[in-house]
Each structure stands twice: as C-alpha cells, then as structure tokens.
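**Q** Sharing a structure here in structure tokens format.
Where a number appears in this text, it was derived from the coordinates with a stated rule and is not lab data. On a predicted model such as this, the values are computed, not experimentally measured, just so you know. Because the Cβ atoms are built from the backbone with ideal geometry, glycine has one as well, and the counts that use them run over all protein chains shown.
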Amino acid sequence: MINSKRLLLAFSFITTSIFLQAQLTVNQARLEKRIMDLAQFGIQENGQTERVAFSDADLAAQQWVISQLKEMGLETHIDFAGNVIGIRKGTDPSKKPISFGSHIDRVPNGGNYDGCVGSMAAIEVLMILNENKIQTKHPLEIIIFSNEEGGVMGSRAIAGHLGKKALPIVNSTGYSMAEGIMRLGGDTTRITEVARKKDEIAAFLELHIEQGGTLEKEDIQIGIVEGIVGLAWWEVEFTGFANHAGTTPMNARQDALLAAAKFIVAVNEVTSSFEGAQVGTVGKIKAEPGAPNVIPGKVVTSLEIRDLSLEMIEKVYEAIKTRAKEIAKASNVQIELRPLDTTADPAIMTAAIQDEIASSASQLGLTTKRMPSGAGHDAQDMALIAPTGMIFIPSKGGISHSPKEFSSATDMANGANVLLNTILSLDKNLD
Ligand SMILES: [Zn+2]
C-alpha cells in the first residue's frame, strides 16, 4: 500500500517535472542586457537616464527598437500616431493578431523599468519563438506605444479616442503632442486612420512592473491585473468667515480651515471603513486669506476617489458627503462638493485572459495574485477594443517614477515567461 502510494507520488513528481520542463522560457541574461542597453538612450553624466516622449533620446530608442524588429524579420512600421508596430505572420491568414507590448518613453527623472520591461520582454518573446522555429496560427503584433507617460497617447489613438484637444498639450521637452507625433514619424492629419475596430485584435497583453509594493510585500511572483481603477475628482469649497484671530473667541469662529482639516481626516476614515482596495485622497489645499493672524474664511481642497468599481466610488463619495454635512453643521461652515470633469472609467481586464495568464503562471510554477492596478496603462485603452490582460511583476520597495525603480532579472524573466506562454496558449485557444 505504502509502496504503491510512493510510486504514485514519484510518478506525479516526474510528470510534473516533465510538464514544467515543457514550458518554453526566455533568455534571462539577454532580457536583462536589453533593459540595460535601452537605458543607454538618454543617459546623463550623472548616470541617470532622461527619455521623455518626443526627446532626441526617445526618437533614437524608437529607431533602435525598429532595427531589432526588422532584424527579426517582422513587417515593421511607425503608425500615424507614432506607435512602432511589428508584425510576425501567422500560419492561418484568417486569424486576427494577438498583440502585446508597452512603452519606452519615461517620466522626467524616471526609472529603467516602467514600460521598458514590457517592451523589451515583447522583443525577447519574439526572439525565442524565432529561435525555436515556432509558428503561431495568429499573427503576432508587437506594439511599442508612443508617449504613454504624457496621456497614453498612442494607445488612445489606436482605441480611437485621442481627442483633438490633446494635440496642443506641451510636455517637458517643449514639443506639443502634435509636433511630437510628427517628430516620431507619425502624421497628425491622418491620426484617425490609426483607430482599430472592436474585432480587429484577437487579444492584447501587457507585461508591466507593479509600481506598488504589494507583490514584494506578500512575496508573490506574478500579479494578474483584474482591471485598472477608475477615478473621480471633486473640488471641495469650505466657506466660513474671515475674522480677527486675536479678538474672535474660540466658540464664535467660523474657521473654514479647521472644517477642512476635519474633512481630510473624515475622507481617510470613511474610505478605509469599506471592505476593498478603494483609495481616497485629499492632495491639494488652499486657504484664504492665508495670514497667521486671520481666521481662514475660505478653503478649497481636492478630493479624489479610485476603485475598480464605479458603484464603490459612488458609495464612498456618498458616505464622505454625509460626513461633510455633519462637519459643516458642527463647524458653522458651508461645504460644497463640486464634481470635476476629470474622471476615468475603470478598465476591466477580460476574465478569460486573466485565467489564461493564471494557468500559464501556474504551469511555470509561479505564485500569483489577482489585483487591481492603481496606475494607468496602455492596456486600459486597448481594453476598449480588444480582450485584454495585464501581467505584473514586483517593484522593489514599491518605488516607481524614480531612478530608484528596480525589478530583478529573475522577476523580469518570470514575467516574460508568463507573457510568452500566455501568447502560446491564446494562440491555441482563441478563434
Ligand atoms: Zn508604464
């Protein structure tokens, strides 16, 4: 009995090992080197890299990527929005492409991994397929999106909703979006031609660093993104009465700043009082008249709430509003909450793609966690036109948009392996 159990255990161990070995994996050292090579574009004397969209460094990096795609035999071009597109033909001409990629532009004073990991891993995945002479049924399309950090420009154009209003916006390079698109090799007069219809892409995948500290803290290798949170903004105005700080007794004051202080505490308490990953923030405050010897008569603050569900945002907002009314009454101050135009709907990642990512990760023996993304990504716009999934890898210390940003070579390779194997399983399982 014991022997047969042992035998069974041994057998299952062997089959598991064979199963694990059967997974195709990327070349970790080559992926890491490519990340470091990319970091050379825009490198400064202090050793840090600056590569804001439309800068000379951004253009040079774009050309470097194009030369690699061409070398791999991909049909490569720059679309009218300045995105780099490379196509690897599939064996079945009736199939729509499986697309994947990320961005190589950076925020000012940014790091080497945000966007770069997903972009360089996409190239590595294609190299591995070439080296192993693996043909997919679906065409594979790599997309390196233009100007992600300045308003997810390239992916918005592909999703068909890059507004004309965005084009005059100037970034830190001094170029407007319109000028930047032309610099990258796009054409603003034909930008609407870049938009894809809803059924043109079979699936879209983006590998990205988490930019938060959850995966590292919980010691998990792969994050499966459930969606990118939506956000809503309000302007909150507190109207009291500006009066002499020396002569007005404490019990006769209408102190707008004191009410605002109570409101800020309330936002934190109320947001935390619900189950879930929702976040609420007061990030801006202005008090008038702003003198040490005058009781503040008017205060304006911001209010931002983010969550994967619009209902949750609404629920938290209603609870904050109730508390605001109580604070207004108790402080003898008027509080008005005005919704601002700056809202973004949550972008939900496709459940079936999340499952494919989960099974690829588990077949590679990697630990996973389903989680929301608190930051915006190109995938949020791609989700409007294609079944979409996102793979996260840990960010050291949860630091991002900083030169201190770091993800280990092992974590990058784990993410690239999940990307590679998810592409292969989607190729098998998708129409
Ligand atoms: Zn990014």
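**Q** Based on alpha-carbon positions alone, could you give the equivalent ellipsoid semi-axes of region 145-240 from the gyration tensor, as √(5λ), descending, whole Å?
**A** Numbers: eigenvalues 163, 114, 48 Å².
Whole-Å semi-axes of the equivalent ellipsoid: 29, 24, 15.
**Q** Need one number: nm distance between label points at Gln334 and Thr25, each 7 Å from Cα along Cα→Cβ, rounded to one decimal.
**A** The modelled label-to-label distance comes out at 6.7 nm.
**Q** Write down the Å³ per residue value for the convex hull defined by the alpha carbon atoms of the chain. Don't jump to the answer; show the numbers that get you there.
**A** Values: hull volume 81.0 nm³, N = 431.
For the chain, the hull spanned by Cα atoms encloses 188 Å³ per residue.
**Q** For region 74-174, give the share of DSSP beta bridges that are antiparallel, in percent and rounded to the nearest 5; count only bridges with both residues there. Can you show the working numbers first?
**A** Values: 9 of 15 bridges.
In region 74-174, DSSP labels about 60 percent of beta bridges as antiparallel.
**Q** Can you give me the distance in nm between label points at Asp56 and Thr343, each placed 7 Å from the Cα along the Cα-to-Cβ direction?
**A** For Asp56 paired with Thr343, the spin-label model returns 4.5 nm.
**Q** Could you tell me the calculated FRET efficiency between Asn268 and Asp92, based on Cβ-Cβ distance and R0 = 51 angstrom, to the nearest 0.05? Please report the intermediate quantities before stating the final value.
**A** Working: r = 54 Å, r/R0 = 1.06.
Working from the Cβ atoms, E equals 0.40.
**Q** Using the basic label-point model (7 angstrom from Cα toward the beta carbon), what is the Glu311 to Glu326 distance in nanometres?
**A** 2.5 nm
**Q** Give me Rg/Rg_expected for region 197-290, where Rg uses Cα atoms only and Rg_expected = 2.2 N^0.38 Å with N residues. Intermediate values should be presented prior to the final figure.
**A** Details: Rg = 22.0 Å, N = 94, 2.2 N^0.38 = 12.4 Å.
Rounded to two decimals, the normalised Rg is 1.78.
**Q** I've got another one for you. How much length would be gained if the chain were fully extended between Ala351 and Asp37, taking 0.36 nm per residue of separation minus their Cα-Cα distance, in nm to one decimal? Show your work: numbers first, answer last.
**A** Working: separation 314, 0.36 × 314 = 113.04 nm, distance 3.53 nm.
Full-extension gain reported as 109.5 nm.
**Q** Give a residue-ordered list of calculated ³J(HN,Hα) values for region 176-193 (Karplus: 6.51 cos²θ - 1.76 cosθ + 1.60, θ = phi - 60°; whole Hz; x for Gly, Pro).
**A** Couplings: 7, 4, 4, 5, x, 4, 5, 4, 6, x, x, 8, 5, 6, 10, 4, 5, 5 Hz.
**Q** How big is region 347-431 along each principal axis, measuring the range of its Cα positions in Å and listing the largest first?
**A** Reported extents, whole Å, longest axis first: 42, 30, 17.
**Q** Most fluctuating residue of Ser359, Ser99, Ser119 in a GNM of the chain with Cα springs under 10 Å: which is it?
**A** Maximum fluctuation in the GNM of the chain, among the listed residues, is at Ser359.
**Q** Shifting gears a bit: Going out from 0 in 5 Å bins, what whole percent of all Cα-Cα distances in region 24-132 drops into each bin?
**A** 2, 11, 21, 24, 19, 12, 7, 3, 1, 0, 0
**Q** Taking just the alpha carbons, could you work out the radius of gyration and Dmax for region 230-339, both in angstroms?
**A** Cα only, region 230-339: 14.7, 49 Å (Rg, Dmax).
**Q** For a quick check, take a GNM of the chain with Cα springs below 10 Å and name the residue from Ala344, Ala291, Ala259 with the largest mean-square fluctuation.
**A** Among Ala344, Ala291, Ala259, the largest GNM mean-square fluctuation belongs to Ala291.
**Q** Moving on to the next point. Out of all DSSP beta bridges with both ends in the chain, state the antiparallel percent to the nearest 5.
**A** Numbers: 41 of 62 bridges.
Given both bridge residues lie in the chain, the antiparallel proportion sits at roughly 65 percent.
**Q** Ratio to report: Rg/Rh of region 98-146, with Cα atoms as the point set and Rh obtained by the Kirkwood method; give two decimals. Working shown, then result.
**A** Details: Rg = 12.7 Å, Rh = 11.8 Å.
Here the Rg-to-Rh quotient is 1.08.
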